[in-house]
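Read-outs throughout are calculated quantities, based only on the coordinates presented, and are distinct from any laboratory measurement. Keep in mind the model is a prediction, meaning the values are calculated, not measured. Counting neighbours? That spans all protein chains shown, and the Cβs are built from the backbone with ideal geometry, glycine included.
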Amino acid sequence: MQKSKLLIAVLGSLCAMPVFAADAPAFTPSANVGIVSNYLYRGISQTGASPAIQGGFDLAHSSGAYVGVWGSSITWVTDSVGVGTSAGTEFDTYLGYKGTASVLGYDVGYLRYNYPGTYPTGATKPDTDELYVAATYSIVTAKLSYSLGDTFGVKDAKGTTYADLSVNYPVGETGYTLGAHYGVQTYTGYDKAVYTIDPSYSDYRISVSKDLSGYALGLTLSGTDAKEGFYTDANGKFLGRNAAVVSLSRAF
């Protein structure tokens, strides 16, 4: 949590920084809020197939540097980690740098997933630290995320990666955008005597969204090959099953 507190302090300092001259650094704030019928992350439901409310705030510098926070309601920690566990919110903090090199856009950064709540003594908390790098050419983006330690509750999983490829195609001037995605989550480093089922899996989705004068209405069809024995919660819900998700969001 110290890293999260430091990032929040930096974000607050940037917000409060005055601009006194035309050549002073330029900061651009932005925010977003939305609701989804089912919060899927890397193809796995974070809400037991129930709706979630989400929102975030970003502050970008003209140099390409940025910081941000994002949050969502969740249920998977309470439902899956065990008795005595209660965490109803995911709170992410991140910082990074975006730029271009020739025809490629790139994005490098650090992301901390925080799950504040109550946990039994000795429990492996799902808080996760990742480094990421992404490259974009035209409508195609490739990204690699690398975990620095415990990963979403899997202990000693340093070196776990998530590699994904996404395509987003704007349909002329219609306001529609078509999307496709494929990702591979590969867990490494964990004790196979403790985790007898390999949590690694792949996910895929197709999507369509429509710009409605500042609002975005979306429909996503998602699936995974995740293992039911690992991704089934205490209520008997398989969190990696095929799903259709409707979303409505607004950016400011």
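Annotations
- Sum of side-chain charges, residue 71 neighbourhood, beta-carbon under 9 Å (Lys, Arg +1; Asp, Glu -1): -2
- Gyration tensor verdict on segment 44-177 (Cα atoms; rounded if a/c is under 1.5, prolate if a/b is larger than b/c, oblate otherwise): prolate
- Potential lengthening of the chain between residue 198 and residue 118 amounts to 26.1 nm, from the contour at 0.36 nm per residue minus the alpha-carbon distance.
- Working from label points 7 Å from Cα in the Cα-to-Cβ sense, the residue 138 to residue 191 distance is 5.0 nm.
- Relative contact order (%) - criterion: Cα under 8 Å, at least six apart; region: segment 147-246: 19 percent
- Taking 0.36 nm per residue of separation and subtracting the Cα-Cα distance, full extension of the segment from residue 106 to residue 225 would add 39.9 nm.
- Over the chain: helical MRE at 222 nm, DSSP H runs n ≥ 4 each giving -39500 (n - 2.57), nearest 500: -2500 deg cm²/dmol
- Nitroxide proxy distance, nm - points 7 Å out along Cα→Cβ at residue 184 and residue 252: 4.1 nm
- FRET efficiency for residue 158 and residue 86, using Cβ-Cβ distance with R0 set to 25 Å, rounded to 0.05: 0.40
- The overall shape of segment 120-252 is prolate: from the C-alpha gyration tensor, with semi-axes ordered a ≥ b ≥ c, the ratio a/c is 1.5 or greater and a/b exceeds b/c.
- Each label was represented as a point 7 Å from its Cα along the Cα-to-Cβ direction; for residue 171 and residue 26 these points are 3.4 nm apart.
- Alpha carbon Rg of the chain, scaled by the compact-globule rule 2.2 N^0.38 Å: 1.05
- A Förster radius of 30 Å combined with the Cβ-Cβ distance from residue 97 to residue 217 puts the calculated FRET efficiency at roughly 0.45.
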